[in-house]
Amino acid sequence: MEKKVYVIGHKNPDTDSVASAIAYAELKRRQGWSNVVAAMAGEPNPQTRFILDRLGLQPPLYLADVHPKVRDVLQRTPVTVDAATPLLKGLELFHQNNIRVLPVVDGAGIPTGLVSLLKLSEKYLLTGQDRLRGVDTSLESLCHCLQGTFLAGSPVGEMEHLHLFIGAMLEESFSARIDGYDPASLLIMTGNRRTIQQAAIEKGVRLLVVTGGLAVEEELVQLATASGVTLISTPFDTATAAWLARLSTPVGHFAEGKFEQVGVAEPLSHLRLKLLHGGESAVVVVEEDGTLAGIATKSSLLATVPYALILVDHNELVQAVPGAEEVEILEVIDHHKLGNPPTNQPISFIASPVGSTCTLVATLYRQQGVEPPTEIAALLLAGLLSDTVILKSPTTTDQDRELALWLETKGGMDHLAFGREIFSASSGLASYGSPEKVITTDFKSFSGSGGAFGVGQVEVIGFDEFHSQKNELRQALARIKERDGLQLAGLMVTDIYSETTLFLVEGGKALAHVMDYPQLEPHLYELKGVMSRKKQMVPHLLKVLGKL
């Protein structure tokens, strides 16, 4: 089966992350990748939603996590058996399907027990006088296995413990042999030995089986009926019939009622723990409604996870969708600092210090001679303009400016007018819904010698709305700092027209002494000319926090 490939950006995705994922997935499809899907690791922010609506595009698939699940490695073709099925049929299922465990299910498909071939052989081969003679079965199951016919009595379905004797001797010796046993527990097998048949019936045994398909005198049939003795005729010879009787025990009699169980939606790590540390050779896997989905064994852990990732706009696992460390990463396209994880195989890794990942994806379209659809070109332009703040950010390069003009032509959008439209439509803080959303929608965590810190960023047109909400925003920063265990949590509020950032911060009590930017009031700094978190804010914080 071909793997599904998700092209996905970082957590708390911005427009560059979402746009590059959509556009690169489209490029891959045009290059013949039939199973590639654009995805996102969080809900799109208001700006991204506006752009997608403006261009008539659907948001990518939202993936809360990509931790491999039990369902990803499960073969959903379980061989099952009903509890009343004779052991004979159960052994056939073991042999025909080359399996080691057999789940017992009820009429609704819910597992009620598990039969292990190893434990079955241990139990079945146990010796001892009673075990050698004992047959746990029902008359119904026994007759079915013997392909028999009831001459007297009826197919009772209740389990009984019977003692098996073969009538292959003189009647006197036979009668002496069965003395001491409760007649109601005796299962007698014999051929056309009339004296044995009559003696068994007169003694009132539970069951008399006449083998070889041999006729039974009508007088004896009537006597058996009158005496309450069940009489069965089987076409098998006595030796075969005795063997089949032992195999007529219902499978449910051998099933273990306590067994390890896991749900299909649970992380694969849960299954791994049960198989490797639980001491069980197999684990029952159930659907969300409790019905059997399959049986997982240690070989299931060797199965290939049926999906892989292409990372765009990030390369650090701390920013990746949860579970990325457990999934194969095929490619990386990014414009940030390196912090990438090791991979098992060589991969394509594109990292360049340009202003946006959309610039790199647009470059790949152009290099590979693929004409982007109009809406994809416009989307790439939007991502480029968003991340470079309409080419004003200090991260902007000549390559970004060149690609903006190229995408302007392909997408039918004037880049300046389109950029102003994007920021004007999505710059209001109220559109985020709550102070927490303002901060976390584009929030990234970092670590340095001074400890861990996090910085969110939002672009605005003017600071009036921010000043009316700064107290609520500061309180939200305090909650996020405490929740995430950060030394410092801050929010960059960037005015794209004045090219100034107001930095609201919680934590770092001595920060004012080393910040090197004017402090307007406690917890608030003015950073003129600062627009880039990646190139300006984070490097500066790494430096100053290292001094504290």
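Starting from the Cα of ALA425, step 7 Å toward the Cβ, then list every residue of segment 12-27 with an amide N under 16 Å from that point.
15-16, 19, by backbone N distance to the label point.
Please list the non-local residues whose amide H lies under 5 Å from the amide H of ASP313, H modeled 1.01 Å from N, same-chain partners needing a gap of 5 or more.
For ASP313, whose amide H was placed from the backbone, the distant partners under 5 Å are ILE333, ASP334, HIS335.
DSSP beta bridges in segment 434-528, what fraction antiparallel, as a percent rounded to 5?
70 percent
Work out from phi, with θ = phi - 60° and the Karplus expression 6.51 cos²θ - 1.76 cosθ + 1.60, the ³J(HN,Hα) of each residue of segment 232-245, listed in order in whole Hz, and give x for Gly and Pro.
After applying 6.51 cos²θ - 1.76 cosθ + 1.60, I find 10, 10, 10, x, 7, 6, 5, 4, 5, 5, 5, 5, 5, 4 Hz.
Collect residues whose amide H, placed 1.01 Å from N in the peptide plane, falls under 5 Å from the amide H of LYS4; neighbours closer than 5 in sequence don't count.
Those qualifying (amide H under 5 Å, at least 5 residues apart or on another chain) are TYR307, ALA308.
Suppose R0 equals 25 Å. What FRET efficiency, 1/(1 + (r/R0)^6) with r the Cβ-Cβ distance, do TYR181 and ALA239 give to the nearest 0.05?
0.70
Compute for the chain: radius of gyration divided by Kirkwood radius, i.e. Rg/Rh, restricted to C-alpha atoms, rounded to two decimals.
Details: Rg = 37.8 Å, Rh = 29.2 Å.
Ratio of gyration radius to Kirkwood radius: 1.29.
Could you pull out every residue, at least 5 positions away or on a different chain, whose amide H is within less than 5 Å of the one on ALA293? Hs are placed 1.01 Å off N in the peptide plane, and Pro or chain starts have none.
Here VAL285, VAL286, GLU287 satisfy the definition.
Give me the percent of Cα-Cα pairs in segment 328-439 that sit more than 19 Å apart, rounded to a whole number.
Value for segment 328-439: 53 percent of Cα pairs lie more than 19 Å apart.
Okay, helix-only estimate at 222 nm for the chain: each DSSP H run of n ≥ 4 adds -39500 (n - 2.57), divide by all residues, round to 500 deg cm²/dmol; what do you get?
-10500 deg cm²/dmol
For segment 127-273, what number results from the quotient of the Cα radius of gyration and 2.2 N^0.38 Å? Please list the in-between numbers first.
Numbers: Rg = 19.2 Å, N = 147, 2.2 N^0.38 = 14.7 Å.
It is 1.31.
With a cap of 11 neighbouring Cβ atoms within 10 Å, and only residues DSSP puts in a loop, list the trypsin sites (Lys or Arg not before Pro) found in segment 231-287.
When the trypsin sites (Lys or Arg not before Pro) of segment 231-287 are filtered for loop state and at most 11 Cβ neighbours within 10 Å, LYS258 remain.
When averaged across all projection directions, what area in nm² does the alpha-carbon convex hull of segment 432-547 cover?
6.4 nm²
Given DSSP loops and a limit of at most 13 other Cβ atoms within 10 Å, what is the longest stretch of the chain that contains no such GluC sites (Glu not before Pro)?
The answer is 289-548.
Which FRET efficiency value, to the nearest 0.05, do you get for ALA84 and SER34 by plugging their Cβ-Cβ distance into 1/(1 + (r/R0)^6) with R0 = 35 Å?
0.15
Using 19 Å as the cut-off for backbone N distance, which residues of segment 433-462 belong to the label zone defined by a point 7 Å from the Cα of ALA510 along Cα→Cβ?
Residues 448-453 fall inside that zone.
A short reminder: the numbers here are calculations on the coordinates, not readings from a lab. Just so you know, these numbers come straight off a predicted model, no measurement behind them. Please note: Cβ atoms are built from the backbone with ideal geometry, for glycine as well, and neighbour counts cover all protein chains shown.
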